[in-house]
Amino acid sequence: MDYKSGSIAIVDEQKLTQSLNNMKGLLAAAAVIASLVPHTFAHYQWRSLIINGAATPEWQFVRPPGDIYSNSPVTDVSLKDFTCNTGAKPVTGIASVSAGSTIGFKLDKAIYHKGVVNVYLGKAPSGTTAATWDGSGRNWFKVSQLSAVTNGGSSISFPSDNITQYTFKIPSNTPPGDYLARIEHIALHDAAN
């Protein structure tokens, strides 16, 4: 049918009803599939601190994002949100650990994007505490990483695949003070392709 020329289409009403019923079935199936998408394609969050080998309750010592149900990654490294997540809220507690201790972070689900894990410590500036410092500034230093493994170029693997937690040792020469620990997984979304 060519609407531009003003032609008229003759429609078989029975076939049109059957087509509409088929479309309703497809739309219902699409709605069910769409309702599963947030659960199927959601990212993951570091929600718990690990101290002495045990995970703490979620968000007790980890700053929650403004919306704990949003798993959208922070993609602009120049934003303040890159440090402690989008709209990070204050924590409900401060953990006390010593230099040389092993601590870590636990995820809400396993990592499924290829990529590396990095961990940083940042010393709270004078006049602030770990509870009040927003993480801004150049006070951060890397304390651990879980990098890609390669055999010189013909293959590469990522040990972070499918992990649900990551532990690391706080350097034994870390001076006393209030620190924030920051963990990141840099997801390479097309690395598997």
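The values are calculated or read from the model by the stated rules, or taken from the named source; none is laboratory data. Computed from a prediction, not measured in an experiment: that's the story for all the values here. Positions of Cβ are backbone-derived with ideal geometry, glycine not excepted, and every protein chain shown enters the neighbour counts. Areas reflect the complete protein model, heavy atoms only, side chains present, ligands, DNA and RNA absent. Shrake-Rupley method; radii C 1.70, N 1.55, O 1.52, S 1.80 Å.
With a cut-off of 18 Å on the backbone N, the residues of the stretch 95-137 near the modelled label site 7 Å out from residue 189 along Cα-Cβ are 111-116. Across the protein chains, with a 1.4 Å probe defining accessible surface, the residues 184, 58 rank 58, 184 from largest area downward.
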